[in-house]
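The values are calculated or read from the model by the stated rules, or taken from the named source; none is laboratory data. Because the structure is a prediction, the values reported are computed rather than measured. Cβ: placed from backbone, ideal geometry, glycine included. Neighbour counts: every protein chain shown. Just the protein is used for accessible areas: all its heavy atoms, side chains included, with ligands, DNA and RNA removed. Shrake-Rupley method; radii C 1.70, N 1.55, O 1.52, S 1.80 Å.
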Amino acid sequence: MSATNASNGSRIETYEDFVKVHDLLLAASGLPQSLHFKLFQKLTSETFDGGAHFQIEPCEEGRQRRLLLTSETMAKDSNVFLVDHAWTFRLPDAYKLLQEVPGLVQRMAALMCVDVEDDGGSEQAAESGGKMTAEEVLESEIRNAKETGDGFVRWLELEELGLDDATFLSLNLSTKFPDLLALSLCGNKLENQEKLVEEVTKFKNLKALWLNNNPVLEKSDCGMEDTILQGCPKLEIYNSRFTHNFGVWALGFCADVYGKDNPASSHQGNLPLQSVTSLDLSNRGIHNLINKAFSPFEMPNLSYLNIRGNLIEENSVSDLFGLLKAFYCLQSLEVDIPGPLGDSAVEILESLPTLSSLNGVDASKILESEKHIVDSMLQLRLPEWTAEEPLADRVLNAMWLYLMTYRLADEEKLDENPVWYVMDELGSALRHSDEPNFRVAPFLFMPEGKLASAVSFSIFWPTQNVKRGDECTRDYLFGIGEDKQRSARLTAWFYTPQKYFIQEYEKHLNKLQSKRLPSLSIKSSATTVVHRSDGSALRVYTDIPQIEEFLTRPEFVITNEPKDADIIWTSMQIDEEVKKAVGITDQQYINQFPFEACLVMKHHLADTIQKAQGSPGWLQPTYNLETHLSQLIGDYCLRKRDGLNNLWILKPWNMARTIDTTVTDNLSAIIRLMETGPKICQKYIEHPALFQGKKFDLRYIVLVRSINPLEIFLADVFWVRLANNPYSLEKHSLFEYETHFTVMNYGRRLNHMNTPEFVREFEKEHQVKWLDIHQRVKSMIRSVFESAASLHPEMHDPKSRAMYGVDVMLDASFQPKLLEVTYCPDCMRACKYDTKAICGGGETVRGPDFFNFVLGCLFLNETIHQICILHVFGSLLYMNPSVSTRP
């Protein structure tokens, strides 16, 4: 969100001043210009008049709220309304604020409808006091049958009466009601399988039997169902699902032809379903739909059909299409996609040309957009909690269904950490619609004309004509189409088809498993010592203070002019535009390789490794959320189904110091966090190796002389970065930076530890040999750079040399895991502290000599024979390790 300061910084008094200060904000909001003056009036007078036009109403059995229009009508673009922000925060502070700000957690819990205790048990007990007994129900049914029918009871509901086995048998139902067609015993206390089967199989004409929510089902297997079906040969519905015997009666029940008031009889007409136009067969456990009763002959007028939630795996796709084509009046179909009719909405419509609607979406829109997965009837993802769960935890779980976000900025700087906020009760009651009638936008009002005076609001206005009683809705993903994974992103608020996402994940996994790293051809080293023709020292331009201070070798001299330098060593990215502006030529050496983004940007690093090697054990499952959200959702769903750990870490593509980095197991949070910028989502290492109970990672320094042939060197010393707090997976700890992150260099307490001391203590604590770990780390780093060299040969440039930081973590089995590769890493500690090489004989390495070693290796071709800090990577350094230091 950008802001333009008023020229004089005085308080805004006129509409002209308002527009001058807020012109960019007004344009970004999308508010029609015709409403700008009305917004100015309401902001300056602090007019919150939404209550005069709208009403908040509970829905979804009190688990959500919606907003209704109470005015007679409201025309498109006719008014604009202010919404206050009930809670504004930075994500790491969320839990702390809920704990400390008086009244905040109570208000948020009420707004998000998670403040109601689970007292269903007491309510049920109170209700049961007013219920009839089983005997009273039977007497009532017999009396009703005599008064309104032929005296025969054919439909009997004995639900939630507390019936146990003895009471049930004492009712002697088979003798009293021999013609029973439907019997419901849901929600009782029946446990004895043998006695229950013996009693219900006495009903030879039974069409439907419901035993749902009885203890007997928890203990039974398929044998009980088979025995009941054998004893009740006419049974078509068992526990709400169709049996293989289903026919006209079951279809009639789902079409509301048959029910308690009309259970059917022996003298029913020949075509009882001929008037059926709508049929809901969702979640009926149907395996075979090709059935004599399910035909256009029985239902010639069928225009709507819902077959969601059925496998129908015994019929081929082509057979099902053939069956459905015969229903000439069929216009609307609901079916799982992917599912029994395939995985493409477009192909379904092409195969069933009479359809005008598929899954609630207009067929022409589907064909126009070529969307393969469509659904307008998604189930809401409502918050879930237990009575024992504290309000703060309920809010932290539910808030992702309500949060909105923005970033602050002025002419000089973009705020690195996004702001999250919850609109007030009125704004939060605006629910989602793909065809909304209102639009919402954040707006930063600066009454003094400066960013320092800013107050954040949301504004909303009608984008369609609305009338009294209409629900007021907004598009949660306004401006986001399928090119930005709209359908997948709706998973943050709705239960979307898991089967589709799991299939996408499995295809992704199969592709990864087929990858193998191609071998690199072995060549002799092509790099030579860099020197000036006149033999004078190499001139180095740098913007890095440590190089200016500590590069003391006589072979190098610092220059302040980039155009005069032989070597340019800078922390900034040098592209063609910079070269032209500064005067850098192709004859100068630069400390970066072309296309090195394939290593130093997190999404490209994962892509490089996955394309080259698939899914090596040292790379955690990683997804670029901008391109592979569906695959991530599929992975998440499978882990949840299998009871596996589902903790993930989200990292921006190209930010350092863990800025905007989040650890969460909440799928809605993962998806919503995409809104603050492009990210990767990586499986969190939930069980890392610990040092004295704390998390740590390791920073290795890698020097690259050449990409083709590949010449890389690994520093013998590395640097340990320790978290400040003991490690914990307790959910509140996920908001504690100093528990889960190790980068403490920037404004936090830094615990420096000498590398040899760390190694000694670590070996002692875990009874391991560090040399074994070091070999695994070396092998991993070698694979990383091999992947880049094989996949991106365009990286090679004879005028490039570079130093990279490789961040590594160890898991609880002491296996290395790659975290990231950084360009021109911060080497302050390397220059500040003396240390000893771990694997090179234990020589002392002076900190001030660090960059003398680095530039000597990269530009003077010095190797381990003179520079003990560096090790050659065997076969990766395609030169004889015994060659002299000056070829």
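Toward the positive end of the charge dipole of the chain, with +1 on the Cβ of Lys and Arg and -1 on the Cβ of Asp and Glu, the farthest Cα among VAL702, SER615, MET446 is that of VAL702.
Full extension of the chain between ARG553 and GLN331 gives 71.7 nm of extra length, using 0.36 nm per residue less the Cα-Cα distance. Sequence-ordered 3J(HN,Hα) estimates for segment 477-493 from the Karplus curve with 6.51, -1.76 and 1.60 and θ = phi - 60° stand at 10, 4, x, 9, x, 5, 5, 10, 6, 3, 4, 5, 5, 5, 4, 5, 10 Hz, glycine and proline given as x. Along segment 674-679 the Karplus relation, 6.51 cos²θ - 1.76 cosθ + 1.60 evaluated at θ = phi - 60°, assigns HN-Hα couplings of 4, 6, 9, x, x, 9 Hz to successive residues, with x for each Gly and Pro. Within the shell defined by Cβ-Cβ distances under 11 Å, the residues around GLY469 carry a net charge of -2, with Lys and Arg each +1 and Asp and Glu each -1. For TRP210, the residues 5 or more places off, or on other chains, whose built amide H falls under 5 Å of its own are LEU183, SER184, LEU185, ASN239. Derived scalar couplings between HN and Hα for segment 823-835 equal 7, 6, x, 5, 10, 4, 5, 4, 7, 8, 10, 6, 8 Hz in order, rounded to whole Hz, by the Karplus curve 6.51 cos²θ - 1.76 cosθ + 1.60 (θ = phi - 60°), x for Gly and Pro.
The Cβ shell under 14 Å around GLN613 holds other residues with a net charge of +3, Lys and Arg each +1, Asp and Glu each -1.
Within the set [x] 118, 72, 53; [y] 128, 71, 62; [z] 139, 84, 57, the number that Cα extents along the principal axes in Å takes when calculated for this structure is listed as [x].
Averaging the sequence gap over all C-alpha pairs within less than 8 Å and six or more residues apart, then dividing by the number of residues, gives segment 195-323 a relative contact order of 20 percent. Taking a sphere under 9 Å around the Cβ of LEU855 and counting the other residues whose Cβ falls inside, with K and R at +1 and D and E at -1, yields a net charge of +1.
Rolling a 1.4 Å probe over the protein heavy atoms leaves ILE574 with an accessible area of roughly 20 Å². Under a 5 Å amide H cut-off, with hydrogens placed 1.01 Å from N, HIS287 pairs with ILE312 among residues at least 5 apart or on other chains. When both bridge partners sit in the chain, DSSP labels roughly 75% of those beta bridges antiparallel. Counting only alpha carbon atoms, the long axis of helix 850-860 and the longest principal axis of the chain meet at about 80°. Here the mean projected area of the convex hull built on the C-alpha positions of segment 133-267 is 7.6 nm². Applying 1/(1 + (r/R0)^6) with r as the Cβ-Cβ distance of SER514 and THR844 and R0 = 51 angstrom yields a FRET efficiency of 0.60.
Around the amide H of VAL440, modelled in the peptide plane, lie the amide H atoms of ASP475, all under 5 Å away and 5 or more residues distant in sequence or on another chain. Here the relative contact order of segment 133-267, from alpha carbon pairs under 8 Å that lie six or more residues apart, stands at 20 percent.
Mind checking which lysines have their C-alpha under 21 Å from LYS38, skipping anything on the same chain fewer than 8 residues away? Counting by Cα, and skipping residues close in sequence, LYS38 has these lysines nearby: LYS20, LYS76. Just list whichever of LYS611/LYS651; LYS640/LYS731; LYS679/LYS817; LYS292/LYS507 have alpha carbons separated by over 27 Å in the model shown. From LYS611/LYS651; LYS640/LYS731; LYS679/LYS817; LYS292/LYS507, over 27 Å: LYS292/LYS507. If both residues of a DSSP beta bridge must be in segment 133-267, then about 25% of such bridges are antiparallel.
Computed from the C-beta positions of GLU198 and ASP470, the FRET efficiency with R₀ = 41 Å rounds to 0.15.
Summary of packing: across the peptides 601-610, 81-90, the per-residue average of other C-beta atoms within 10 Å ranks them, highest first, as 601-610, 81-90. Assuming R0 = 30 Å, what is the FRET efficiency of GLN503 and PHE478, from their Cβ-Cβ distance, to the nearest 0.05? About 0.55, to the nearest 0.05. Note that segment 29-71, at 25 °C in a medium of 0.890 mPa s, gets a Stokes-Einstein diffusion coefficient of 195 µm²/s from its Kirkwood radius over C-alpha pairs. Size descriptors for segment 273-382: radius of gyration and Dmax over Cα atoms are 13.3, 42 Å. Think of each Lys and Arg Cβ as +1 and each Asp and Glu Cβ as -1; about the Cα centre, that makes the dipole of the chain roughly 2460 debye.
Based on C-alpha pairs under 8 angstrom that are at least 6 apart in sequence, the chain has a relative contact order of 11 percent.
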